[in-house]
Amino acid sequence: MAYLIYIQGKSASVQFPIEKNGITVGRKKENDICVDDGLVSKEHFRLEVIENDEAHDGCEYFIEDLASTNFTFVNDRKITRKKLRHNDEIRIGVTRLRFVEFEGEGYESTAIIKKSWIPGVYYTKDKKSESK
């Protein structure tokens with residue numbers, strides 16, 4: 001499974017599992033990942049998942065800028081569309097995300113953020129409390 005990890009300073013803070021064929025990231029609350037950053041467009045980029053039996057986990061991941069105002073950068077290079085690789089760093093506005101792929105579980109201590117039914121409100125749930 002692959003994740004986008006939100007980076008604060010030098011440490012990872014929140015992980016977003018990529019569980020669908022495509023996710024959108026931006027400032028608008030309807031995005032799969034909503035980013036509170038004034039330099040991020042309402043719909044900034046899309047991450048597309050394409051099945052490929054020869055790929056690491058059976059999938060390839062592509063990032064595509066959605067004509068954002070301030071562009072999307074992967075490893076400090078402006079992109080329009082690019083295949084993502086393990087540990088690529090994505091920057092939109094001042095927000096940084098790391099793309100990671102795992103064969104098994106990883107980052108167990110990292111919180112997973114989830115949307116609530118209340119617009120603009122998110123919550124985290126640690127894995128230990130989910131299994132009870």
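When nucleic acids and ligands are ignored and a 1.4 Å probe is applied, Phe71 ends up with an accessible area of around 90 Å².
Stokes-Einstein diffusion of the stretch 52-95 at 4 °C, 1.567 mPa s viscosity, Kirkwood radius from Cα pairs, rounded to a whole number: 114 µm²/s.
At a Förster distance of 22 Å, what's the computed FRET efficiency of His86 paired with Ile50, Cβ-Cβ distance as r, to 0.05?
Details: r = 16 Å, r/R0 = 0.74.
In this case the efficiency is close to 0.85.
Kirkwood radius for the stretch 20-67, taken over all pairs of different Cα atoms as the inverse mean of 1/r, rounds to 11.4 Å.
Dividing the convex hull volume of the alpha-carbon atoms in the stretch 1-95 by its residue count gives 95 Å³ per residue. Taking 0.36 nm per residue of sequence separation and removing the Cα-Cα distance, the Lys42/Ile79 pair yields an extension gain of 11.5 nm.
The values are calculated or read from the model by the stated rules, or taken from the named source; none is laboratory data. The structure presented is a predicted model; accordingly, all values stated were derived computationally and were not measured. FYI the Cβ positions are ideal-geometry reconstructions off the backbone, even for glycines, and counts take in every protein chain you see. Areas reflect the complete protein model, heavy atoms only, side chains present, ligands, DNA and RNA absent. Shrake-Rupley method; radii C 1.70, N 1.55, O 1.52, S 1.80 Å.
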